[in-house]
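Just below is one structure, and these are the notes that go with it.
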Amino acid sequence: MSFEDVLSEAGVFGRFQMLSLLILCLPRVILPLHFLLHIFISAVPPHHCAIRPLGQMGNLSRGRFLYVPQEVDGTFSSCKMFSHPQLQNSSQDGANMSSVQNCDQGWEYDHSTFTSTTATEWDLVCDRKGLNQASATYFFVGLTAGSVVCGFAADRFGRRWILLVSFLISTVFGVMSAASVSYVMFSMCRLLSGVGLMGMTLISITLVLEWTDVAHRTLCGIVSSLSWTVGYMLLALLAFLIRDWRRLIVAATSPCLLAIATWWWVPESARWLLTKQDWVSAHRCLSRCAEMNGRPDFHRKISPEVLQKTVTVECKKYNLWDLVKTRRLRKNTVCLGIMWFGVAFSYYGISFKVTGFSLGPFLTHFIFGAVEIPAKVAVFLLLDRVGRKPCQGGSLLITGGFIALTSLLPPGHVRSVTAILGKGFSEAAFTTAFLYTAELYPTVLRQTGLGFCSFMTRLGSSLAPLVILLEDVWHFLPPVVFSSMALISGGAALLLVETSCVRLPETIEDVELDRMRIATVSRDPSVSSNGGSLPRTALPASPTSSPRGPGWTDTSQELPGT
């Protein structure tokens, strides 16, 4: 008997799963409030060298004199000034340009869009602008560390308690980030808050998927992903209303308090409890599920002793090395690592670039979030019909094409529309990746595998802000890098196996022997989509059969010669 056979007795998608999904959507709403916060709290407004005779953002030309040199396009320089005022009609080359120097008295900033950002707080502009982008990298380094630590801890100590620890870390260091008195303190607090936020990322989606069956996995994955989109658009609204970076961080962190309050209703994963041979706790969780789903007969049919005797689990302890010890897992891990790097690298490469279009930064960010809704609806409609692999690989390849096309178009509405379409396909790739990865790793290694993939994800997202700085070397270099990586990761995704409409693998042997793939399915009228009696063992399906939709149940019978 498999776990999903027992879950069918408790109800595969009833009130219990719906409530759990709703509660676990809250962490997903919180995540983009912090992941994309750098766009607004570290925005660089128009600025110029501070010049004592002039007021803030004053007229840089007084009468016949210039105080700041002009660029080729006629705009005033942001990082240079004249050591002595120059006559406006004089040539700016030769002897006059010898008087140009770096800003020696700080900068004056235009506060019409942002009243305060980290860039204006600590003068992270001109020669120091690398430090401004590095603050985003520090945050993603924290996410990278958290992906390994939280993934391993969740497999070892349980999903639920590590989720609470993640909430607490995110709250404490989020508030400390807003209270930072120096750039170093701010960067360290953002790094540590990233560790906590990574635990929320990994565990929220895993708990949702481990409590659902094959037929409802896609729906749960898409609903969970849509909550990210809600947070994405909410950040644009918060940033529009709150123009001070400290208050904006506090506003983005405050929902963590609500998440801590709702944590008490988050169930532990019964799948994980069974791998730890905690039959009593697993039975308690399943009984709670059955009670909420209106299955009073569960206690009579299933007891802790029945679980111990009939449910096959693997109780060996695993670590990161087990991800590459066997052939199929090694291939999956390598391809998923490349795929996740490219997914995050291209996604954040697009998301962090909200200027240079025909729309303002707040509206651009909001539309970038809104376009994710049709992208995710399309993913929901296609995942079970077309399959995970074509959706994942295809969306990445198309994203790479749109990034390249956007860089070739002149500023205007056409360029904005192209960038928005690229953002939509980029989000489709991200949405598919979470569900696809969870289906490729077995329960005993699922959090560890997701932790490794998240490590690669955060490595990609950490490098994205730094790659944007390469536009000072060559304007087209960042889009070339982002586009190329999206194409490479799309190719890696196409090397993976299909997982559509197959049961979640429980053990390494399920992956290596392809038990979930050769597991056949039957439309048994005695088994409803909400569970029912334990499913019967089905006869092998024909090679041309294509099972879909609720009511399909599968067996774990291994065919000879595999």
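Matching residues to (1) on the phi > 0 side of the Ramachandran plot; (2) of a type outside the set (Ser, Thr, Tyr); (3) open to solvent by less than 10 Å² (accessible area, probe 1.4 Å):
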residue	(1), (2), (3)
GLU210	no, yes, yes
ALA215	no, yes, no
THR218	no, no, yes
ALA236	no, yes, yes
ARG247	no, yes, no
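Check off (1) closer than 30 Å to TYR138 by Cα; (2) buried (at least 20 other Cβ atoms within 10 Å of the Cβ) for ARG243 and give me the number that stays unchecked.
(2)
For VAL354, are the conditions met, namely being at pLDDT below 85, touching a helix residue (DSSP H, G or I) at 6+ places or on another chain (Cβ under 7 Å) and open to solvent by less than 30 Å² (accessible area, probe 1.4 Å)?
yes
Please tell me if TRP263 is at negative phi and touching a strand residue (DSSP E or B) at 6+ places or on another chain (Cβ under 6 Å).
For TRP263, the condition - at negative phi and touching a strand residue (DSSP E or B) at 6+ places or on another chain (Cβ under 6 Å) - is not met.
From ALA486, ALA464, grab the single residue that is in contact (Cβ under 8 Å) with a residue 12 or more places away in the chain and farther than 23 Å from SER135 by Cα.
ALA486
When the residues of segment 4-19 are narrowed to those that are open to solvent by 10 Å² or more (accessible area, probe 1.4 Å) and at pLDDT 90 or above, which ends up farthest from the chain's Cα centre (by Cα)?
So, considering only residues that are open to solvent by 10 Å² or more (accessible area, probe 1.4 Å) and at pLDDT 90 or above, the one farthest from the chain's Cα centre (by Cα) is ARG15.
When you scan segment 327-432 for helices (runs of 4 or more DSSP H) that lie fully inside it, which ones turn up with 1 or more residues that are of a type in the set (Asp, Glu) and touching a residue at least 24 places away in the same chain (Cβ under 8 Å)?
372-386
Yes or no, residue by residue, for (1) closer than 23 Å to TYR348 by Cα; (2) over 20 Å from the mean Cα position of the chain (by Cα):
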site: ARG217; (1), (2): no, no
site: SER224; (1), (2): yes, no
site: THR229; (1), (2): yes, no
site: MET233; (1), (2): yes, no
site: ALA236; (1), (2): yes, no
site: LEU241; (1), (2): no, yes
site: TRP245; (1), (2): yes, yes
site: ALA259; (1), (2): no, no
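PRO525 - would you say it is of a type outside the set (Ser, Thr, Tyr), open to solvent by 70 Å² or more (accessible area, probe 1.4 Å) and either assigned to a loop (DSSP other than H, G, I, E, B) or at pLDDT 50 or above (or both)? If you could, list the steps in order and put the result at the bottom.
On the way: of a type outside the set (Ser, Thr, Tyr): yes; open to solvent by 70 Å² or more (accessible area, probe 1.4 Å): yes; either assigned to a loop (DSSP other than H, G, I, E, B) or at pLDDT 50 or above (or both): yes.
Yes: the conditions hold for PRO525.
Anything in segment 293-322 that is at pLDDT below 80 and open to solvent by 80 Å² or more (accessible area, probe 1.4 Å)? List them, or say none.
Scanning segment 293-322 gives HIS299, ARG300, GLN308, LYS309, THR312, LYS316, LYS317, LEU320.
Would you please name the residue that is farthest from TRP211 (Cα to Cα), looking only at residues in segment 150-176 that are surrounded by fewer than 21 Cβ atoms within 10 Å (Cβ to Cβ) and touching a residue at least 60 places away in the same chain (Cβ under 8 Å)?
Once the filter is applied, the top-ranked residue is VAL175.
Between PHE434, PHE402, which is open to solvent by 10 Å² or more (accessible area, probe 1.4 Å) and under 27 Å from GLY142 (Cα atoms)?
The unique qualifying residue is PHE434.
Sort out for me the strands (runs of 3 or more DSSP E) sitting completely within segment 71-185 that have 1 or more residues that are at pLDDT below 85.
It comes to 80-82, 100-102.
Among THR120, THR144, which is of a type in the set (Ser, Thr, Tyr), open to solvent by 20 Å² or more (accessible area, probe 1.4 Å) and more than 27 Å from LEU21 (Cβ to Cβ)?
Only one candidate qualifies: THR120.
The values are calculated or read from the model by the stated rules, or taken from the named source; none is laboratory data. These figures come from a predicted structure and were not determined experimentally. Note that we place each Cβ from the backbone using ideal geometry, even for glycine, and neighbour counts take in every protein chain shown. Only protein heavy atoms, including side chains, enter the accessible area calculation; ligands, DNA and RNA are left aside. Shrake-Rupley method; radii C 1.70, N 1.55, O 1.52, S 1.80 Å.
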